[in-house]
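Just so you know, all these numbers are worked out from the coordinates, no wet-lab data involved. The model shown is predicted, which means the values in this text are computed figures rather than measured ones. No Cβ is skipped: glycine too gets one built from the backbone with ideal geometry, and neighbour counts run over all protein chains shown.
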Amino acid sequence: MQFKIEKKLKNSKGGAGKTCLGRVGVLETPHGVIHTPAFVAVGTKATVKSLNPEQVREAGTQVVLGNTYHLYLQPGDEIVRGAGGIGKFMNWKGPTMTDSGGFQVFSLGVAYGKDISKLLKITDPSLLIPERFDDSDAPRLAKIGQDGVSFKSHLDGSIHYITPEKSIQIQHNLGADIIFAFDECTSPTEDLKYQEEALERTHRWAERSLREHQKLSAGENSSSLGSLSGLASPALPLGSSACETPQKREFSTALFGIVQGGRDENLRKQSAKFISSLDFDGFGIGGSFAKEDMSTAVKWVNEILPEEKPRHLLGIGEPEDLFMGIENGVDLFDCVLPTRLGRNGTIYTKNGKIHILNTQYRDDFAPIEKDCECYSCKNYTRAYIAHLFHGKEMLAGTLASTHNLYFIVNLVKKIRQSILDDNFFEFKEEFLKRYLK
RNA sequence: GCGUCGGUGGUAGAGCGGUCAAAUACAAGGGACUGUAAAUCCCUCGCCUUCGGGCUACGAAGGUUCGAAUCCUUCCCGGCGCA
């Protein structure tokens, strides 16, 4: 994997010509090139829900992210390996990534059965009091042990123990171009003492992930180079004039380390320094945030992370967050929202999100957005999509997800272009004024 | 015509003397969703309300009861059976 920065964002607010954290780059992977900043489509179970790979690609997607935990449970990482890796398995010809399962430590652990998610609204300040409420008897499917995490499968209740080594082994079997270290995503409801402990654990796990990755990579390199298929396959098919055939290089899966540290400035910076000191190919920024804390955390971290390596803001993807992240030096985003919202009847428009099931759209014969070039907008009306949703037709989720994914992927592309055109801040202001109105 | 079973909120359908403005489901109206436990979940859903409650309601009209969607009588309407 190679990462090149093409242009840095000039800070309009600061002195003339002074650069800030934002940048435009190109990331080369064995399965193609990613123009960054980029939005990564989430395909947890080796499928972007309700879309086939052609639809994902037509939306402009460059890279898809699967999940270690889900694919390990079903169909099993050995099956995916047998299929030739996640990309081949799911018929996605471009770059792929896998998440480590670290997020499931959170979503199936502390967050299980609770109203805690990736983003926490501080409507209930009691959630953020610096005392860890004792809920150790609350049901959860993930329990953190000394060495790793035991998961109770949400599918059949079976128990599985995932360590950093195990996560990396699974990810090597899944065979994505970019994989992540096993981490613990903490809840913002945890107190500082716990955040410190968890961070220490995440750091040890980062070292162990890296060690295992290096071990496995060495083994893979010394054995038959073409054993994992697709290395030399042509790059991204669509709109990719810049996709030169990847030159011959060392076969390598790239490993990204993950920075945690919750909402605490010292911990975040400490984590950024420590993770930077390890030989990762890039970095993920993780955590469950109170929305208000996200931009500061990203800034703290990216000021420390080495400039020449790519950064991925894990699980983030509302339009306003994308502007924030890119301005502060984030290169990659992934988020379930385009497809989840789409399936649930919420659709992105330049004037904000709409609920297509609302009465007013039943006889609205305009497309979702008049000037949108996505497949759904070019071919269908709001009334029709509303009808599909009311009728619970499968196509409903597909058409809405198609549009949403196109909307977000292309928003990031436009932001990228705005940096190249030196009008990022104008574009941001203009867009958000309309979108957030 | 006789007999019989039934008529409950937008629909289907519980309830069969008080705890019933009436289960449940669907429909309807609204909301949530940020490294996917999610084609999911939450709220509202007779009318009015100063959110305490008030009013009108279980085909219609009478009646019995302290009290009726629930029991009785008559009528209206529907299904079925027999003429």
If you place +1 on the Cβ of every Lys and Arg and -1 on the Cβ of every Asp and Glu, how big does the dipole about the Cα centre of segment A:325-387 come out, in debye to the nearest 20?
320 debye
In debye to the nearest 20, how big a dipole does segment A:52-111 give about its Cα centre with +1 on each Lys and Arg Cβ and -1 on each Asp and Glu Cβ?
120 debye
Sequence order, segment A:110-116: Karplus ³J(HN,Hα) from phi using 6.51 cos²θ - 1.76 cosθ + 1.60, θ = phi - 60°, Hz rounded, Gly and Pro as x, gives 3, 7, 4, x, 10, 8, 10
Once amide H atoms are built 1.01 Å from N in the peptide plane, which residues 5 or more positions from A:G22, or in another chain, come under 5 Å H to H?
A:L9, A:G329
Proximal charge balance of A:V298 [Cβ under 10 Å; K/R count +1, D/E count -1]:
-1
In the structure shown, of A:K49/A:K392; A:K273/A:K299; A:K273/A:K309; A:K118/A:K433; A:K10/A:K291; A:K7/A:K309, the pairs separated by more than 19 angstrom at the C-alpha atoms are A:K118/A:K433; A:K10/A:K291
Final fewest-first order of A:I415, A:I179, A:I79 on the 10 Å Cβ neighbour count is A:I79, A:I415, A:I179
Run through all the Cα pairs of segment A:242-360 and give the fraction in each 10 Å bin from 0, expressed as whole percent.
12, 36, 27, 19, 6, 1
Among the lysines, select those whose C-alpha is under 17 Å from the C-alpha of A:K215, and discard any that sit fewer than 8 residues away in the same chain.
A:K166
Given the candidates A:G317, A:I408, A:G66, the one whose Cα lies deepest towards the positive end of the charge dipole of chain A, counting +1 at each Lys or Arg C-beta and -1 at each Asp or Glu C-beta, is A:I408
Going from the fewest other Cβ atoms within 10 Å to the most, one would list A:M324, A:M394, A:M90, A:M97 as A:M394, A:M324, A:M90, A:M97
Let me see the P(r) profile for segment A:1-119: every Cα-Cα distance counted, bins of 10 Å, each bin given as a percent of all pairs.
12, 31, 30, 20, 6, 1
Please give the calculated 222 nm ellipticity per residue for chain A, where each DSSP H segment of at least 4 residues contributes -39500 (n - 2.57) and the sum is spread over every residue; nearest 500 deg cm²/dmol?
-11500 deg cm²/dmol
Using distinct alpha-carbon pairs, which all enter the 1/r mean, Kirkwood radius of segment A:339-421 in Å
12.8 Å
For A:T96, A:T398, A:T349, which order do you get if you count the other beta carbons within 10 Å of each Cβ and list the fewest first?
A:T349, A:T398, A:T96
List, largest first, the extents of the alpha carbons of chain A along their principal axes, each in whole Å.
58, 56, 55
A chain fully extended from A:I79 to A:E373 at 0.36 nm per residue, minus the present Cα-Cα distance, gains in nm 102.1 nm
Total charge dipole magnitude, segment A:132-209, about the Cα centre, Cβ charges on Lys, Arg, Asp, Glu only, Debye to nearest 20:
220 debye
Rounded to whole Å, give me the distance from the Cα center of segment A:348-425 to that of segment A:90-121.
25 Å
May I ask for log10 I(q)/I(0) of segment A:62-116 at q = 0.19 Å⁻¹, from a Debye sum over the Cα atoms as equal point scatterers with solvent left out?
-0.70
